[in-house]
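The next block holds one structure in the form of structure tokens; read it before the comments.
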Amino acid sequence: MADDRIQEIRDEVGAWLDAHWDVRRSLGEWRELLVEEGWAAPAWPKAYFGRDYNEAEAAAVAAVFYEKGAIGAAQQGPGRLASHTLLVHGTDAQKRRYLRPILTGEHAWCQLFSEPGSGSDLAGLTTKAERVGDKWVINGQKVWNTSAHHARYGILVARTDWDVPKHQGISYFVIDMHQPGVEVRPLRQMNGHASFNEVFFSDAEVPAQDLVGSEGEGWTIAGTTLSVERQGFSQSRDGGRARNLEGPIYDEYRQELAIALEPYTWYPQREGRVDLLFERAVANGAIDDPHVRQELAKAIGLKRAAQLAAEAAAAKRRAGQRVVPEGSVGKLAASVIARQANHVHTLISGPQALLAGPDSELGGIVAEVLLSTPAISIAGGTDEIQKNIISERVLGFPKEPRFDTGPFRDVPRNVSQTGKQEG
Amino acid sequence: MAFSEDQQQFADVAERFFGDKSTPTEVRRLMASDVGYDAEVWRQLAHEVGLTGTHLPEAYGGFGFGAVELGITCQAMGRHLYCGPFFASSVMAAHAVLNNGSEAQREALLPGIAAGTSIAALVLDDLSDPARVGMSIQADANGRLSGAAQLVADAHVADLLIVAARAADAVALFMVDAAQPGVKVTAQNCLDPTRRMARVQLDDVSAERLGNGPADLSLLWDQMCTALAHEMVGGAERLFETTVEYMKMRVQFGRVIGSFQALKHRCADLLLELELARAATHEAARYLATGAGDAFAPNLAKALASDAYISIAKQAIQLRGGIGFTWEEDTHLWYKRAKASEVFLGTSNWHREEMIRRMEVAHGG
Ligand SMILES: Cc1cc2nc3c(=O)[nH]c(=O)nc-3n(C[C@H](O)[C@H](O)[C@H](O)COP(=O)(O)OP(=O)(O)OC[C@H]3O[C@@H](n4cnc5c(N)ncnc54)[C@H](O)[C@@H]3O)c2cc1C
């Protein structure tokens, strides 16, 4: 039954692509067509550019696109977080207005969550949204905003009520990034890349209809966004293949991908590049050093065991068993692996690790590993936070005493850069 | 080890000088510059404070102090990430001349180094193990040198090269005028831009052998590693202090992060590592100054200082959270020095091996 249905879908989308896919079209024109027909996001509701397909059905569509080398909807980067969140929590008007240009790639988005004063304690955010007439007026600062310099819109969490406990006073907005009250500055990391931004709001405005959900509901909605984020940026499969295909539309697509993926070029390096270790050790003879062999085995073994553990967890999930807490163990493992990989790369390099840049080992990749792995145990929730989650939710230890449960106005917090507390 | 009153005063002078001249802003300016150091600060360091000759005998224009005072200088430099050819010239090259040079050669070379008017670089074709030095640079029958070394500290600003090369009888040290044709020096792109490395290529260059014996690389390595360990302890100390300070200010979840017991304990562990490294490092200086103690003292110092510096540098980033990973924040400057020093003059593993080898020798094995 299910198989028949999948075959039916494969046939339908295959026939449609045969009739319409043409590498001479412009990317924009092609995507408009995709959205029109519901092929851009088949898993989305029919009412909003989709076809109400389930996961398997949508995967079948993606597979046929891949086989035919056809390009799908724009799905890279924070636009994906925005669209999924709006689908769940947005008003009908918001969905009609914002979803389509995300799918066509016309509008890039950014995520405006973390702040200089609140990272681990995201709910302690102090960017302020005040209702003035039919608008919200935004003041404050965000940080770690990927692609904010390209973004047309942002998904923003800001504080709308300072007199309730911290989680209850947050609201969720769509903000137009192209306005005088929004300033975007690049943020450079210690590895030399500038893959993020800082975003400053001074009397930036959000029309009342761009509040997502209801006032004070922002923390719950942010939870939706973060859970989409945790599912990872699965680069659509056609993206991988289109890199090698020829035709005007692919050129356009490759350009789009290059811009969208530019902030992520060093992400493999921050995971430690365990894949390179063995070959490197063989190539330069470090493999003969018994100590290197031990450390190498630890790195490769950790990585392999973590993969196996992740596969076991996935199998459990598929069987409908509970796996708690989602991801924390895997995330901790990633940190341990990255640190060990950094160590082993250093041992293999020896004094060559003194060098960086294009003339250094593997065209600078090794140096980039050495300068990027510290990010892995911070980005997306620090190791310490993961350990708190594991110890409290898995091991059942008592929770830490809390000092931040009262009205947010009274909770101790960081002194802002202007030297005074906000609020 | 307690410093004498004079040594403490000396430490205070060095600390004030580098605290004043080598601020993070200044370090960043020099990191981005072509030569990597400030000539005026170098002049002051040499002339006004006289640090370039701290450990060199008075007969050669130095202060006549020893390894302990040199350690004090290096520790202050490491704290403040001093950018300049001190380590290359006054530590690496000067010790080579002092160990192996004839009286006439010492008289000819050391006063310039002590005065900072001459900058010397030590050309070693291997930085991981003294036993592997001399594979890539050869001296011919006429004492002319050919070969290359990839990683020579501060060679790009040196007027004098002290080169370890394989001669017919042994690996020996040679002095080479860096200005002559046949010497090609190319600055390298460095992981740690606060200490520059350059590639040195020698094509049949004229040279004069230092003394007539083999290079005393074992002693030289001990001297260099002891000084380097002081630098590393200085850097680790500074990073640790600023991290603890930050943790007393930073608030998350309505409390300073330094109130989380997990973080407090981690810092206690780091302090332990640091204290052990500091003790071993000061002991290595005392060993070099007096000759009394364990022969492995410099190896233990480098191994512990290196491991402590790396642990602290990693945690200095981690405990700051995201800001610790940014370019704007200063932590990465020390992290990069820690990573670079880790592989400079032997990894911790190599030093631990060497330590046991020396114990075996002492044991008569
Ligand atoms: C490379 C990178 C990419 C990022 N990308 C994004 C992004 O795409 N979107 C986004 O919104 N944010 C992003 N971030 C921000 C990231 O989520 C935060 O940096 C992180 O959550 C830590 O917050 P913080 O920087 O404020 O550090 P803090 O929260 O101030 O942490 C400082 C230290 O205190 C520890 N600590 C804090 N609370 C506790 C506790 N309860 N118990 C024990 N220890 C504690 C932390 O673990 C850390 O070691 C990124 C950060 C980095 C470095």
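Only beta bridges with both residues in the protein assembly as shown are counted; by DSSP, about 85 percent of them are antiparallel. Over 19 Å between Cα atoms: which of B:Lys21/B:Lys339; A:Lys128/A:Lys166; A:Lys142/A:Lys166; A:Lys303/A:Lys399; A:Lys128/B:Lys248; A:Lys46/A:Lys95 fall into that group? Flagged as over cut-off: B:Lys21/B:Lys339; A:Lys303/A:Lys399; A:Lys128/B:Lys248.
First check a/c for region A:121-160, with a ≥ b ≥ c the square roots of the eigenvalues of its C-alpha gyration tensor; if it is under 1.5, answer rounded, and if not, answer prolate when a/b is larger than b/c or oblate otherwise. Oblate. Could you tell me which of B:Val176, B:Ala158, B:Asn212 has its Cα farthest along the dipole of region B:112-238 towards the positive end, charges placed at Cβ (Lys, Arg +1; Asp, Glu -1), taken about the Cα centre? Selected residue: B:Ala158.
Structural size metrics of the protein assembly as shown, computed from C-alpha coordinates, are Rg and Dmax of 30.5, 97 Å. For region B:217-362, build the charge dipole from Cβ charges (+1 Lys, Arg; -1 Asp, Glu) around the Cα centre, then report which of B:Gln223, B:Ala292, B:Ala316 sits farthest towards its positive end. With unit charges placed on the Cβ atoms, the residue in question is B:Ala316. Taking Cβ atoms as reference points and 11 Å as the exclusive limit, the residues near A:Val411 contribute a net charge of +2, counting Lys and Arg as +1 and Asp and Glu as -1. Each Lys and Arg contributes +1 and each Asp and Glu -1, all at the Cβ; summed about the Cα centre of the protein assembly as shown, the dipole is approximately 1680 debye. The spacing between region B:75-132 and region A:200-231, judged by their C-alpha centroids, is 60 Å. Among B:Ile323, B:Ile162, B:Ile72, the largest mean-square fluctuation in a Gaussian network model of chain B, built with springs joining Cα atoms closer than 10 Å, belongs to B:Ile323. Considering only A:Phe201, A:Phe278, A:Phe408, the Gaussian network model of chain A with Cα springs below 10 Å gives its largest mean-square fluctuation to A:Phe278.
Between region A:134-197 and region B:246-283, what is the C-alpha centre distance in whole Å? Here the two parts' Cα centres lie 33 Å apart. Name the chymotrypsin sites (Phe, Trp or Tyr not before Pro) in region B:202-292 that are in a loop by DSSP and that have at most 10 other C-beta atoms within 10 Å, would you? Sparse-neighbourhood loop chymotrypsin sites (Phe, Trp or Tyr not before Pro): none present. Here the 3J(HN,Hα) profile of region A:72-84, calculated from phi with Karplus coefficients 6.51, -1.76 and 1.60 at θ = phi - 60°, is x, 5, 6, 9, 8, x, x, x, 5, 4, 5, 5, 5 Hz, Gly and Pro shown as x. Global size of region B:217-362: 16.8, 58 Å for Rg and Dmax (C-alpha atoms, Rg to one decimal, Dmax whole).
Separation of region A:37-80 from region A:291-331 is 30 Å, based on Cα centroids.
Over the Cα atoms of chain A, the radius of gyration divided by the Kirkwood radius equals 0.98; this is the Rg/Rh ratio. Each of A:Ile376, B:Ile356 has its accessible area taken with a 1.4 Å probe; listed largest first, they run B:Ile356, A:Ile376. Is the C-alpha gyration tensor of region B:120-209 telling us rounded, prolate or oblate? Criteria: a/c under 1.5 is rounded; beyond that, a/b larger than b/c is prolate, otherwise oblate. It comes out oblate by the Cα gyration axes. Using a cutoff of 8 angstrom between alpha carbon atoms and counting only pairs six or more residues apart, the relative contact order for region A:278-423 works out to 21 percent. When +1 charges are put on Lys and Arg Cβ atoms and -1 charges on Asp and Glu Cβ atoms, the dipole computed for chain A relative to its Cα centre reaches about 960 debye. Positive end of the dipole of the protein assembly as shown (Cβ unit charges, origin at the Cα centre): among A:Thr160, A:Val415, A:Gly192, the Cα lying farthest that way belongs to A:Thr160. Only the Cβ atoms of Lys and Arg (+1) and of Asp and Glu (-1) were treated as charged; on that basis the dipole of region B:89-212 about its Cα centre amounts to roughly 200 debye. For B:Ala121, neighbours were defined as the other residues whose beta-carbon sits under 14 Å from its Cβ, and their charges (Lys and Arg +1, Asp and Glu -1) total 0. Springs between alpha-carbon atoms under 10 Å, Gaussian network over chain A: tell me which of A:Tyr53, A:Tyr172, A:Tyr98 tops the mean-square fluctuations. Answer for the Gaussian network model of chain A: A:Tyr53. Shape call for region A:266-381 from the C-alpha gyration tensor, a ≥ b ≥ c root eigenvalues: rounded (a/c under 1.5), prolate (a/b greater than b/c) or oblate? Because a/c hits 1.5 or more and a/b exceeds b/c, region A:266-381 counts as prolate. Tally Lys and Arg at +1 and Asp and Glu at -1 over the other residues with C-beta under 11 Å from the C-beta of B:Cys83: what net charge comes out? That sum, taken over residues with Cβ under 11 Å, equals +2. Phi-derived couplings, Karplus 6.51 cos²θ - 1.76 cosθ + 1.60 at θ = phi - 60°, listed residue by residue for region A:198-204: 10, 10, 10, 10, 10, 6, 6 Hz, with x used for Gly and Pro.
The values are calculated or read from the model by the stated rules, or taken from the named source; none is laboratory data. All values reported here derive from a predicted model rather than from experimental measurement. Cβ atoms come from the backbone with ideal geometry, glycine included; neighbour counts cover every protein chain shown. These area figures cover heavy atoms from the full protein model, side chains too; ligands, DNA and RNA do not enter into them. Shrake-Rupley method; radii C 1.70, N 1.55, O 1.52, S 1.80 Å.
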